[in-house]
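Q: Sharing a structure with you now.
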Amino acid sequence: MSKTFAALTFAAALMSATAAKAQQAEQTQEGYSYFLPKTVLRLSVLVEKTTVTPGELCIYADRYLKKSDAPQEKSVRYKIASISIATEATRDTARHFVLQADAKHCINHAEINRNGVLTAINATGKAEKEFVPFAPWKKPAPKDPRQFMNQEILAAGSKAKMAELTAHEIYDIRDSRNELTRGQADFMPKDGEQMRLMLKQLETQEEALMQMFCGTKVCDTLQSVIRYVPTGDVTDRVLFRFSEKLGMLDADDLAGTPYYINIENLQDQMPAPETPLDNAKPSKDDIGLRVVLPGKARATITTLPISESRQTAAPYEFWAAQFGTLLNLSGDLFSKKMRTELILEPTTGAVEKIETELIKK
């Protein structure tokens, strides 16, 4: 007769990052050596980079096209588009244990991930979701204005003459477009699709030639990833700096505006575990199996100190192994009389699933 128990299901934090697929641990003479996880905050900052390049004929833009705002110098500007927060895990070197596996206990194998963190016993462990970097859209190839210039423009002997002829060509293109839309062109298209193609071609020619005067604006999206390991309450710690002209900067680079991180430990809002390891009586059958009752915390990114009015990213609440309580699971769960499968949450070390089945004799 079998009996299945459901026990210790904890809320898990968002899982991401570079943990590889779990693999079966090598058993040493003492047992399975493993670590418990330490929860890491991963901040993904998306930055928009705008590069403005002046046109070759920019100094004539106002004279021939009345474009007084045409850029005259190259410029690069950065702007933060978004800040997102997720969690991943690393090994907690202060929480290293050895799981005993001997003839007295039914432990067939244990799974440990690439960080050395225990993820399962007698079962297939869960792997952390892999972190997928931001992939920007592929931009179309830039247009070459000279491909749309006639022979007269290309043969111009000076920049001034080239600007004059190019401006005349732009006005001719606009006139042709107006004649098409009014139905006054000498060669009108036969159907709507042909009309669309002709108008599109005229638009492409004008945009390419306008680059000679107004230059180009190229927008790129860059991703910066910052990893931060919270260890307790933090107020107004500079996480990074940002400059409109230089982009992302290190925390100690005074050329940028500081962005602060604030960590609030919410452990006082959590119910106390019934048997914390520090207060629990020693187990009569201690096999070195430790798990975590994770603690809750809140992270906030601010642009000004917390004491001032400030613009903030959305507060992010998460479960952290290092803010939780260490628990000792007795070796009785793995006695020869029963078959137990244990699965741990790889980011927090919490028990996600435990099933015990009595062995028939």
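The values are calculated or read from the model by the stated rules, or taken from the named source; none is laboratory data. Values in this document were obtained by computation on a predicted structure and should not be read as measured data. Here the Cβ positions follow ideal geometry from the backbone for every residue, glycine too, while neighbour counts run over all protein chains shown. For accessibility, only protein heavy atoms count, side chains too; no ligands or nucleic acids. Shrake-Rupley method; radii C 1.70, N 1.55, O 1.52, S 1.80 Å.
Q: Provide the net charge surrounding Ala255, with neighbours chosen by a C-beta distance below 12 Å and charges set as Lys +1, Arg +1, Asp -1, Glu -1. Before the final figure, lay out each step's value.
A: Values: positive: Arg241, Lys245; negative: Glu244, Asp250, Asp252, Asp253.
Residues near Ala255 contribute -2 overall.
Q: I've got another one for you. So which lysines pass the test for Lys245, namely a Cα distance under 24 Å, with those fewer than 8 places away in the same chain ruled out?
A: Output for Lys245: Lys49, Lys74, Lys79, Lys139, Lys217.
Q: Would you tally the net charge around Lys217, using a Cβ to Cβ cut-off of less than 15 Å, leaving Lys217 out, and scoring K and R as +1, D and E as -1? Walk me through the numbers before you get to the answer.
A: Details: positive: Lys49, Lys67, Lys74, Arg77, Lys79, Lys139, Lys143; negative: Glu48, Asp69, Glu73, Glu207, Asp220.
Cβ neighbours under 15 Å give a net charge of +2.
Q: Let me ask something additional. Taking only protein heavy atoms and a 1.4 Å probe, what accessible area per residue, in Å², does segment 124-163 have with all protein chains in place?
A: Values: 3230 Å² over 40 residues.
On a per-residue basis, 81 Å².
Q: Between Ala155 and Lys217, what is the label-to-label distance in nm when each label sits 7 Å out along the Cα-to-Cβ direction?
A: Between Ala155 and Lys217, the label points sit 3.7 nm apart.
Q: Between Asp69 and Glu130, what FRET efficiency follows from the Cβ-Cβ distance if R0 is 41 Å, with the result rounded to 0.05? Present the calculation step by step, with values, prior to reporting the outcome.
A: Details: r = 46 Å, r/R0 = 1.12.
The computed FRET efficiency comes out at 0.35.
Q: Once the Cβ-Cβ distance between Val225 and Arg196 is put in as r, and R0 is 35 Å, what FRET efficiency do you end up with, to the nearest 0.05?
A: Working: r = 43 Å, r/R0 = 1.24.
Computed FRET efficiency for Val225 and Arg196: 0.20.
Q: Using the heavy atoms of the protein chains alone and a 1.4 angstrom probe, what is the accessible area of segment 168-215 per residue in square angstrom?
A: 64
Q: First select every other residue whose beta carbon is under 13 angstrom from the beta carbon of Pro136; then total the charges, Lys and Arg +1, Asp and Glu -1. It would help to have the intermediate numbers written out before the result.
A: On the way: positive: Lys49, Lys138, Lys139; negative: Glu48, Asp220.
Net charge in that neighbourhood comes out at +1.
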